[in-house]
Structure formats: structure tokens, C-alpha cells
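Worksheet for the structure shown next.
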Amino acid sequence: MYIVHVASECAPVAKVGGLADVIFGLSWEHSIRGNDVEIIIPKYDCMRYDQIWGLTLSFNDLWVPWFGGAIHCSVWFGFVHGRKCFFIEPHSNDNYFNRNTFYGCNDDVMRYAFFCKAALEFLQKSGKQPDIIHCHDWQTGLLPVMLAEIYQHHGMWRQRVCYTIHNFKHQGIFGHDILAATGLGRPDYYFSPTQLRDDCNASVLNCMKGGIVYSNFVTTVSPKHAWEARYTGQGHGLGGTLHTHQGKFGGVLNGVDYNTWNPEIDSYLVARYGIDNIDEKYKNKDALRDRFWLYKSNKPIISYIGRLDEQKGLGLICHAAHYALSRGAQFVLLGSPSNNATFNQFAHLRNQLGQSVDCHIELGFNEELSHLIYSGSDMVVVPSAFEPCGLTQLIALRYGTVPIVRSVGGLADTVFDKDYAHIDMSARNGFTFNDLNNSGLESAMNRAIGLYYDYPEEFRRLMINGMHADYSWNHPGTHYMNIYDLIRHK
Ligand code: ADP
């Protein structure tokens, strides 16, 4: 099968969060099964060019219709750790992808609407005829709309679209200007409630809703979150639309790329290890302490690795740091703040706790460092308000690092409480809590730290259970192939 992923991120070249890992992992899973898989992303100025091999100009004369005129684009090709990747570079004064940032610009919706149009234009002009176009998140929600309304009538009638929603919180809200820019036009038509009109605000349109309405199949990244999106507020206003389209909507749990995230072969580690030589893990713990000048003692290290966004339970992350120290544990944080206020909040935490020999707060994005923290920590904490899937806990499990998570979304589908899960002991792999407040978090952290100190053998059993679990792309890869097959033959 010929599959093209169109997305705004791809690890490790353009990575903000889990979306990048999914593009990287799922595309590989499908290509090793013999499918022809390609990836299209924007050519950002702030990408990691050192992670692209053989970058060459692939298509120079792409003119993308835009606002009645056209923007000249170059399309580049390169390999990202073996994945075939195309990078779209527009040449215009708008400098859509030369902003030294991936997201956070006032014209984000315009930037990605352009990207969708350019991706379709590229597929059409280069004569590519993929069986499946797999789109991701709001940034590519307009692609299936333009495919059906415009490009279908220019030879692209065979393509089927699978649309995966990694985060319902960001939906891409827009108005007449983008209809004019993309050539979709016809505001009366698109402002219909069955089309792209936002379900909460009748004066705007919604990219993600467009993706849901126009795609052949829609997924989100865990079964639990698929349920939450429909039946609780976690669809952020799209629950009704999901009901309407329930026949083509489901949850597929993300996987982890075990070629990248595997302590047996991870070249970023000081010492590699697996279930059979798990004690080697502690050399990484020492290295982590050396790196952050943490005191060497018998204390456990509890970490947080991730974006620092409201979604992640910011107040609880701060509380986890304080509570860990008060319970005789060490705490390490690697986090990328999503705005200035959050940066200030965590800079303050760093001032409060940074002098402690038991705590380190690192603000920023650092892929290499994250590997050392996953391997050197005893536990990770993920106290999210909502979590569509969550990769942090899945990676941690592979590294024998016990997750302490709020039981929501994909976290609930993958972490099973040591004491209270309704599941066989051999499958229990961490600690969970329900209530989004300090005492909820403390109830789980307290039990985790207690087990670490008082019943080390039991703690180790939990580590090994986690390392045994298979959260590779194998199962989700099959699941997505079944979806592709289904929509191809409809
Ligand atoms: P989300 O997609 O909401 O950001 P996930 O848990 O699904 O959360 O995926 C997060 C991914 O991004 C993981 O691979 C995690 O290790 C990585 N990550 C997040 N923040 C950072 C950071 N500051 N430095 C390094 N890696 C990070």
C-alpha cells in the first residue's frame, strides 16, 4: 500500500511532543511491512538538519494557488533515519515556516492551511497517487476538505483519508480569510453546522471539525480517550460532531518506537541494560546525579519529562516536586514551557528548590537528556488533567522506570495500579490516582515511595512487569492497516 503522512511534526527533526514520535514510529512500522510510506512536513528553519540525510531539491517549480495568485514553493527530499521525508518550502514574504518556532504565531491557521494546500498541490503535480493520506491534528484538518472539494476534481479521486486527533484542545479556528486564501470560497456552504462551522461559536469555522467531517476514518490515540471525547467535555466542543460521525470514529493506542526507546541499545545511555542485567540501570542513575550535581544516596529519583502546559497538571507537577523532597525522594524535571507565564512559574520553582542537593529543574527541550532521565530515574510522574495517550509513561515502562499517573485517557489504558487494578498481578506496572488534586497525587506517590523503601523486591517486580509489556507499534500498526484496508474498499 502507498501511504503518505502529512503532519506538522516528525521526530527528531521537528519535535514538540508525542505527535512527532507517532509520525516517526508508525511510518517505520508500515514501511518494514513492505508498504511504501512517505512523510510530508513543512521545511522549518528551526528543524534539526543534522538528523536529515541526503537533503536534496526534489521539486522546484511548485506554484501553490493562494488568494487569487500563487506562491512559489520548493519541495526537498531527505531521509530521516531511513524514513522518506518531503519538506515544503514556500518562498514568500510571509515566511510561513521561517519563524524560529514551530507554533505560537498569530497566523498559525493561515500557515497550516497553506501547508495543506501545498501538500495536495505537490502530490497532484508530482503525479503521486497514494492509496492513503494520513493526516494529523488540526494543522492538517483542512486537507481532506480541499481534497474532496477541489483536488478530487483534478485527478485525486482515488485517495482515502485517515485523520488522527492527538489533541482535541487545539482545533484551529478561522474565518472567511482562509476560505478565500485556499480557494474553498463559498462561506454560506462552509458555515453550515454540518460542515465546518464551530459547534460552540457560530461565527467561526473549525479545522479539526473539517477533518472529522471530510475524512474517511477518524481516530484518536487511545480507546479511553475516544470515549472521553464523545461522552465527557474532553472533546472540547466536538463531542456532538463525533456522535454524528461515530460510525467512522475509534481509538487506537499509540505505540513506542523501540529502536529509539530501548535501554538495551540506547546510545545516549552511560550503561545499557535489559531485564537480565537491570542493575546496570543504576549506572545511569549515577550519571544523572553527576550531571545535575545531585547528592548520591539511597533515595529514589522521581522525574517529570514533558511539555509544561495546563493539560499536564502544572500545579500538580510543582506539588510533586515539593512532596517528593518531603518524602525523602529526589526530583528531576525536564520541561518545555508553552508560554511565558508557565516559564515564570517554573523559574520560580527552580529558585525555590534548585539549590537543594536533591532537586534539579531543567527548562527547555532536550531529546538526548530525556533519554538519560528516563533511564536514570526510578519513577516518573504524569499528573495530567487530560491525556489523549501519553508516551512518557510508555517510554518509562520500557526503561524500568515506574509510572505514577492520573488515571485518565491513554494513561488509564496503559498503567495498572500495583494495589488496586482489576488485573493480574503480573500485569500491574505502576501507581494511579483519580482526583485531580494534591491529595490524589500524594496517595499514589506515597505508596510508590513507600514500596521503594520498604519492599524493594516488590518494587523491582513492578519495574520488570513494565519492561515486559509490549507497547511497540506492532499492534497499533496492524490496527491502522485494517483501517486503511477498510476505507480503501468502501
Ligand atoms: P504530548 O504529545 O502531549 O507532548 P506525550 O507524552 O504524548 O505528550 O509525548 C511527549 C514526547 O515528547 C515524549 O517523547 C517526551 O519524551 C518528549 N518531550 C516532551 N517534552 C520534552 C522536553 N522538554 N525535552 C525532551 N523531550 C520532551
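Assorted remarks:
- Surface accessible to a 1.4 Å probe, per residue, for the residues of the chain, Å²: 37 Å²
- Computed over the stretch 390-490: relative contact order in percent, which uses C-alpha pairs under 8 Å that are six or more apart: 28 percent
- 18 Å tail of the calculated P(r), the stretch 438-479, as % of Cα pairs: 50 percent
- Relative contact order of the chain, defined on C-alpha pairs under 8 angstrom at six or more residues apart (%): 12 percent
- Kirkwood hydrodynamic radius over Cα pairs of the chain, then Stokes diffusion coefficient at 4 °C and 1.567 mPa s, in µm²/s: 56 µm²/s
- Overall dimensions of the stretch 161-314, expressed as equivalent-ellipsoid semi-axes from the Cα gyration tensor (√(5λ), whole Å, largest first), are 45, 17, 15.
- Within the chain, helix-based [θ] at 222 nm, where runs of 4 or more DSSP H residues each add -39,500 (n - 2.57), nearest 500: -11000 deg cm²/dmol
- Rounded percent of accessible protein surface that carbon and sulfur make up, the chain, 1.4 Å probe: 50 percent
- Here is the P(r) of the stretch 99-143: all C-alpha pair distances, binned every 5 Å from 0, give 5, 21, 24, 23, 15, 8, 4 in whole percents.
- Two-site label geometry, HIS489 and HIS236: point separation in nm, points 7 Å out along Cα→Cβ: 3.6 nm
- Potential extension, CYS46-ALA427 segment - 0.36 nm per residue separation minus Cα distance: 133.0 nm
- Considering only Cα atoms, the convex hull volume of the stretch 282-338 works out to 80 Å³ per residue.
- The chymotrypsin sites (Phe, Trp or Tyr not before Pro) of the stretch 253-329 meeting both criteria, a DSSP state outside H, G, I, E and B (loop) and at most 11 other C-beta atoms within 10 angstrom of the site's C-beta, are TRP293, TYR295.
- C-alpha center-to-center spacing [the stretch 427-480, the stretch 355-411] in angstrom: 12 Å
- Rounded to whole numbers, the Karplus 3J(HN,Hα) couplings from phi for the stretch 46-54 are 9, 6, 8, 5, 5, 9, 10, 9, x Hz, using 6.51 cos²θ - 1.76 cosθ + 1.60 with θ = phi - 60°, and x at Gly and Pro.
- Potential lengthening of the chain between ALA469 and TYR282 amounts to 65.2 nm, from the contour at 0.36 nm per residue minus the alpha-carbon distance.
- Against the empirical 2.2 N^0.38 Å (N residues), the stretch 239-344 has a Cα radius of gyration ratio of 1.47.
- Multiplying each eigenvalue of the alpha-carbon gyration tensor of the stretch 147-214 by 5 and taking the square root yields semi-axes of 20, 17, 10 Å, largest first, rounded to whole angstroms.
- Computed from the C-beta positions of ASN298 and SER439 and an R0 of 30 Å, the FRET efficiency is 0.65 to the nearest 0.05.
- Scattering curve values for the stretch 342-490, log₁₀ I(q)/I(0), Debye with Cα scatterers, q = 0.09, 0.11, 0.16, 0.19 Å⁻¹: -0.35, -0.50, -0.97, -1.25
- DSSP-loop chymotrypsin sites (Phe, Trp or Tyr not before Pro) across the stretch 107-205, with at most 16 other Cβ within 10 angstrom: TRP157
- Put simply, the C-alpha atoms of the stretch 36-151 give a gyration tensor, and the ellipsoid matching it has half-axes of 20, 18, 14 Å, longest first.
- The stretch 198-305: GluC sites (Glu not before Pro) falling in loop per DSSP and having at most 15 other Cβ within 10 Å: GLU264
- At full extension, SER356 and ALA202 could sit 50.3 nm farther apart than now, given 0.36 nm per residue minus the alpha carbon distance.
- Normalised radius of gyration (Cα atoms, divided by 2.2 N^0.38 Å) for the stretch 93-247: 1.01.
- Derived scalar couplings ³J(HN,Hα) [the stretch 120-130; Karplus, 6.51 cos²θ - 1.76 cosθ + 1.60; whole Hz; x for Gly, Pro]: 5, 4, 5, 4, 5, 5, 8, x, 6, 10, x
- Plainly put, the stretch 260-418 has a radius of gyration that is 0.94 times its Kirkwood radius, both from alpha-carbon atoms, as the Rg/Rh ratio.
- Relative compactness, the stretch 309-351, computed as alpha-carbon Rg over 2.2 N^0.38 Å: 1.15
- Look at the alpha carbon pairs under 8 Å that are at least 6 residues apart: their mean separation over the length of the stretch 9-91 gives a relative contact order of 27 percent.
- Local electrostatic count at LEU411 - Lys and Arg +1, Asp and Glu -1, tallied over other residues with Cβ under 13 Å: -1
- Distance-filtered residues of the stretch 47-70 - backbone nitrogen under 19 Å, label point 7 angstrom along LYS125 Cα→Cβ: 56-70
The values are calculated or read from the model by the stated rules, or taken from the named source; none is laboratory data. All values reported here derive from a predicted model rather than from experimental measurement. Positions of Cβ are backbone-derived with ideal geometry, glycine not excepted, and every protein chain shown enters the neighbour counts. Accessible surface is based on the protein model in full, side chains and every heavy atom, while ligands, DNA and RNA are left aside. Shrake-Rupley method; radii C 1.70, N 1.55, O 1.52, S 1.80 Å.
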